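The values are calculated or read from the model by the stated rules, or taken from the named source; none is laboratory data. Keep in mind the model is a prediction, meaning the values are calculated, not measured. Glycine also receives a Cβ, built like all others from the backbone with ideal geometry; neighbour counts cover every protein chain displayed. We work out accessible area using only protein heavy atoms, side chains counted, and drop any ligands, DNA or RNA first. Shrake-Rupley method; radii C 1.70, N 1.55, O 1.52, S 1.80 Å.
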Amino acid sequence: MKTDFANNLKNEAMKTAIQKGMEQIAINSIAIANAVIYAISQPSYVEISDIVIRPSKQN
C-alpha cells in the first residue's frame, strides 16, 4: 500500500529503494477499501475468514 513510511528513513539508499518499489507495485488505498467493503457486505450466511490482498505485479 502506498504510504509515507519511507519519508522517515535516514538511510537515503534504502529510502530511495522503498519509494521506487512503492511506485512500481504498491496498491492504492481505494483498492484496499474496496476489498474490505466486499468482505463485509457479504450476506450473513457467508463467512470471510481470511483476506489476502497483494499487488498483481511483483518483482
**OP:** Quick one: net charge around Ile27, please, counting Lys, Arg +1 and Asp, Glu -1 for every other residue with C-beta under 11 Å from its C-beta.
**Re:** +3
Original post:
How far apart, in nm, are two points set 7 Å out from the Cα along the Cα-to-Cβ line at Ala6 and at Ser49?
Top reply: 3.7
**OP:** For the chain, build the charge dipole from Cβ charges (+1 Lys, Arg; -1 Asp, Glu) around the Cα centre, then report which of Ile48, Ile30, Asn11 sits farthest towards its positive end.
**Re:** Asn11
Original post:
Relative contact order for the chain using alpha-carbon pairs under 8 Å, separation at least 6, rounded to a whole percent?
Top reply: 37
Original post:
Accessible area per residue, 1.4 Å probe, Å², for segment 1-58: what's the number?
Top reply: 85
Original post:
What size of dipole, in debye to the nearest 20, comes out for the chain about its Cα centre when the only charges are +1 on Lys and Arg C-beta atoms and -1 on Asp and Glu C-beta atoms?
Top reply: 260
**OP:** Within the chain, list the trypsin sites (Lys or Arg not before Pro) lying in a DSSP loop whose Cβ has at most 15 other Cβ atoms in a 10 Å radius.
**Re:** Lys2, Lys10, Lys57
**OP:** Could you look at the chain and say what percent of its accessible area is carbon and sulfur, using a 1.4 Å probe and all protein chains?
**Re:** 54
Original post:
Per residue of the chain, what 222 nm ellipticity follows from adding -39500 (n - 2.57) for every DSSP H run with n ≥ 4, rounded to the nearest 500?
Top reply: -14000 deg cm²/dmol
Original post:
Name the GluC sites (Glu not before Pro) in the chain that are in a loop by DSSP and that have at most 12 other C-beta atoms within 10 Å, would you?
Top reply: Glu47
